[in-house]
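Participant: Take a look at this one; I'll ask things after.
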Amino acid sequence: MLKQHLQLKLGQKLAPQQIQLMKLIQLHTLEFEEELERELEENPALEIVKEDPKEDEYSSLEDAYQDEGTESIQTDFDVNEYIYDDEPNYKTASSNYSPDDEEFDNESLLTEGQSLYDYLLEQIHLVNISDEDEKIAEYVIGNLDTDGYLRREIKAIVDDLAFSQGIYTTKEKVEDILENYIQKLDPPGVGARGLQECLLLQIEKKVSSDKAVSLAANILRHQFDALTNKHYNKIIQKYDIEEEDLKDALDEISKLSPKVGGNFDTQTITINQEIIPDFVIQVKDGVVIPMLNSKNAPTLRVSEEYKDILTTYSHDKNSSEHKQAALFIKQKLDAAKWYIDAINQRQNTLLQTITAIVKFQKDYFITGDEKSLRPMILKDVADITGFDISTISRVVKSKYADTSNGIVYLKDLFSDSLTNDDGEEVSTKEIKTHLQEVIGKENKRKPLTDDALVVMLKEQGYNIARRTIAKYREQLNIPVARLRKEL
C-alpha cells in the first residue's frame with residue numbers, strides 16, 4: 001500500500017558559477033591565460049577589451065545571474081537585462097597590479113628540440129648493418145628511457161619483437177646489437193642497463209693511458225660497491241695507492257654523467273620551465289605592497305553586438321526561429337555574465353589571500369631571510385581572509401610571487417612550528433635553515449651523524465629528536481653522514 005509523507009532534508013548544492021570559480025582559482029597565470037583564451041573562443045558574447053577605458057567608466061558587476069542550467073531559461077524574457085544606457089562595459093581589472101608586468105613575456109615558451117630517440121635513430125641509419133638488425137636496433141632504441149637506460153629485460157624485448165614485429169631472434173643477438181652498435185653511439189653511456197655500466201661506457205671512451213682515468217675505470221669495474229658506499233680506505237688498500245691518486249680518480253668519475261639522456265627533449269616540442277609569477281610583492285619605505293600580475297586581471301565585457309542582436313530578435317515574438325535564436329543568444333550572455341563575475345571573484349580571492357600572507361610574513365619579505373619566516377599554516381590565512389581552508393589551498397597551489405629577493409613559491413612560505421628552549425614558536429623552515437648551515441660547515445672528512453646534529457642543534461636552542469633530524473635531512477635531499485664523506 002502506497003503511503004504519502006513529508007520528509008525534511010538538509011543539502012548543499014554548488015551553483016555552476018561556484019564550480020567554475022573553484023576551477024579558476026587554482027589555475028596559475030599561464031593556465032589561466034589558456035583557460036581565458038578557450039572561453040573567448042567558445043563564447044562570442046564575451047569580449048576582452050584591448051584598450052583600457054578611463055577609470056571613471058569602470059563599473060562593478062551585477063549580482064551573479066541565478067539560473068542553474070539551460071532548462072530554467074525562459075523564452076519570454078526582459079531584454080533590458082542586457083541593455084545598459086548609463087552603465088558601460090564590464091570591467092574586471094584592478095589598479096592593484098604591477099606596472100612592469102610586461103617583463104613576464106611567455107611568447108617563446110614553445111621551443112623545438114631533438115629527442116634522444118630521434119638522435120639515436122639518425123646515427124643507427126648511418127651504420128653498416130643488415131635490414132633486420134637495423135629494425136631490431138630501432139626497437140631497442142625505442143625501449144630506452146629518457147635517461148638513456150635500457151631498463152627492460154632483453155628476453156622481454158625478444159618476445160615483443162616476435163609478437164609485434166614478426167621478427168624472430170635470440171637473446172644473444174639482441175645483446176650483440178645492443179653492445180656492438182647501440183652502446184657505441186653518441187652520447188657515450190647510452191643503452192646502459194645500470195649506473196655502473198653507464199659510467200664504464202663513458203670512462204672507456206677516454207684516454208686509457210692516463211693514470212687517473214685507468215684507475216677510475218678499474219674502480220668502476222671492480223670496486224663499484226665500495227665506491228658508492230664511500231669506503232675509500234678499502235679502495236686505497238686494495239690498489240696500494242696514495243690518497244691523492246684516489247682523489248684524481250674520483251675527480252674523473254665526477255665528470256661522468258649518470259643520465260646521458262638528460263640533455264635531450266622528451267618530445268620534439270617542449271615547454272621551457274619558465275615561471276611566470278602570479279603575484280608581485282614590492283617593498284617601499286618599509287611597507288610591503290602585494291599586487292597581482294596584470295595577466296590575472298583582464299578587462300572583459302559582454303558583447304555590445306550580441307546585446308543588439310538580442311534586442312532585434314526579442315521584438316519578434318511570433319517567429320519560432322527568432323525565439324530559438326534569442327534563447328541561444330541569452331544563454332551565451334548568461335555564460336558571459338557568469339564568467340566575468342567568476343573572474344572578479346577570482347581576482348578578489350587571490351588579492352585577499354596574498355595580502356594576508358604578506359601581513360603574516362612581513363619581516364621575511366623585507367629581509368629575505370628564511371629565518372624571519374613565521375610558522376604559518378593554511379588555517380592562519382583562512383582566519384584572516386574569512387575564506388575556507390580549501391580555498392586558500394587552491395590559491396597557493398602552483399603559484400609564485402616575484403619579490404625583491406627572487407621568485408618565491410607560495411607553498412614554501414607555509415610551515416609548522418616547534419617550540420625552542422625559550423618557549424618561543426619557531427618555523428620548521430628556520431630549523432631546516434640552521435640544519436643546512438651546520439652540515440655546510442662540517443668537516444667533510446668526518447661528517448656529522450644525526451646524533452651529532454641533534455647535539456649541535458640543541459646547543460642552539462632547538463630540542464629536536466633524532467628521527468626529526470633524519471626527516472628534515474631527507475626533505476632537504478641531504479644524504480646520511482657516510483655518503484657525505486669526502487677526501
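Coordinate-derived values only; no laboratory data. Every value quoted in this text rests on a predicted model; they were computed, and no experiment measured them. With ideal geometry, Cβ positions are generated from the backbone for all residues, glycine too; neighbour counts draw on all protein chains shown.
Participant: How much length, in nm to one decimal, is gained on full extension between Asn128 and Ala162, taken as 0.36 nm per residue of separation minus their Cα-Cα distance?
Facilitator: Details: separation 34, 0.36 × 34 = 12.24 nm, distance 2.36 nm.
Here the segment from Asn128 to Ala162 would lengthen by 9.9 nm.
Participant: Rounded to whole Å, give me the distance from the Cα center of region 140-169 to that of region 372-412.
Facilitator: Between the Cα centres of region 140-169 and region 372-412 lies a distance of 47 Å.
Participant: With θ set to phi - 60° and the Karplus curve 6.51 cos²θ - 1.76 cosθ + 1.60, what are the ³J(HN,Hα) couplings of region 21-26 in order, to the nearest whole Hz, using x for Gly and Pro?
Facilitator: Working through the residues one at a time gives 4, 4, 5, 5, 4, 7 Hz.
Participant: Quick check on packing: order 121-132, 35-46 by the mean number of other C-beta atoms within 10 Å, highest mean leading. Present the calculation step by step, with values, prior to reporting the outcome.
Facilitator: Details: 121-132: 12.2, 35-46: 15.9.
The densest-packed peptide leads the list: 35-46, 121-132.
Participant: How far, in nm, would the chain grow between Glu204 and Lys379 when pulled straight, counting 0.36 nm per residue and subtracting the alpha carbon separation? Before the final figure, lay out the partial values.
Facilitator: Details: separation 175, 0.36 × 175 = 63.00 nm, distance 5.72 nm.
This chain segment gains 57.3 nm when fully extended.
Participant: Rounded, prolate or oblate: pick one for region 345-384, where a ≥ b ≥ c are the square roots of the eigenvalues of its C-alpha gyration tensor, a/c under 1.5 means rounded, and failing that, prolate if a/b is larger than b/c, else oblate.
Facilitator: Working: a/c = 3.42, a/b = 1.75, b/c = 1.96.
Oblate is the answer for region 345-384, as a/c is 1.5 or above yet b/c matches or exceeds a/b.
Participant: Report the FRET efficiency, 1/(1 + (r/R0)^6), for Glu437 and Glu242, where r is their Cβ-Cβ distance and R0 is 30 Å, rounded to 0.05.
Facilitator: Working: r = 33 Å, r/R0 = 1.11.
For R0 = 30 Å, the calculated efficiency reads 0.35.
Participant: Oh, and also: Give me the extension gain from Gln475 to Asn229: residue separation times 0.36 nm, minus the current Cα-Cα distance, reported in nm with one decimal.
Facilitator: Details: separation 246, 0.36 × 246 = 88.56 nm, distance 2.10 nm.
Here the segment from Gln475 to Asn229 would lengthen by 86.5 nm.
Participant: To continue, here is another question. Starting with the fewest neighbours, write out His222, His231, His5 ranked by other beta-carbon atoms found within 10 Å of each beta-carbon. Spell out each step's value before the answer.
Facilitator: Numbers: His222 13, His231 16, His5 4.
Going from least to most buried by this count: His5, His222, His231.
Participant: Moving on to the next point. Apply 1/(1 + (r/R0)^6) to the Cβ-Cβ distance of Leu487 and Ile19, taking R0 = 41 Å, and write down the FRET efficiency to the nearest 0.05.
Facilitator: Working: r = 60 Å, r/R0 = 1.47.
Calculated transfer efficiency: 0.10.
Participant: Can you sort Lys307, Lys471 by how many other beta carbons sit within 10 Å, fewest first? Let's see the in-between values first.
Facilitator: Details: Lys307 17, Lys471 13.
Ascending Cβ contact count within 10 Å gives the list Lys471, Lys307.
Participant: Another question, if that's okay. Residue farthest toward the positive end of the dipole of region 116-254, with Cβ of Lys/Arg at +1 and Asp/Glu at -1: which of Ile182, Asn143, Leu200?
Facilitator: Of the candidates, Leu200 comes out farthest on the positive side.
Participant: Hey, another quick one. Assign unit charges at the C-beta atoms only (+1 for Lys and Arg, -1 for Asp and Glu), then state the dipole size of region 415-484 relative to its Cα centre in Debye, rounded to the nearest 20.
Facilitator: On the way: 13 positive and 12 negative charges, 138 e Å.
I would put it at about 660 debye.
Participant: At a Förster distance of 45 Å, what's the computed FRET efficiency of Lys397 paired with Gln460, Cβ-Cβ distance as r, to 0.05?
Facilitator: Working: r = 34 Å, r/R0 = 0.75.
E between Lys397 and Gln460, to the nearest 0.05, is 0.85.
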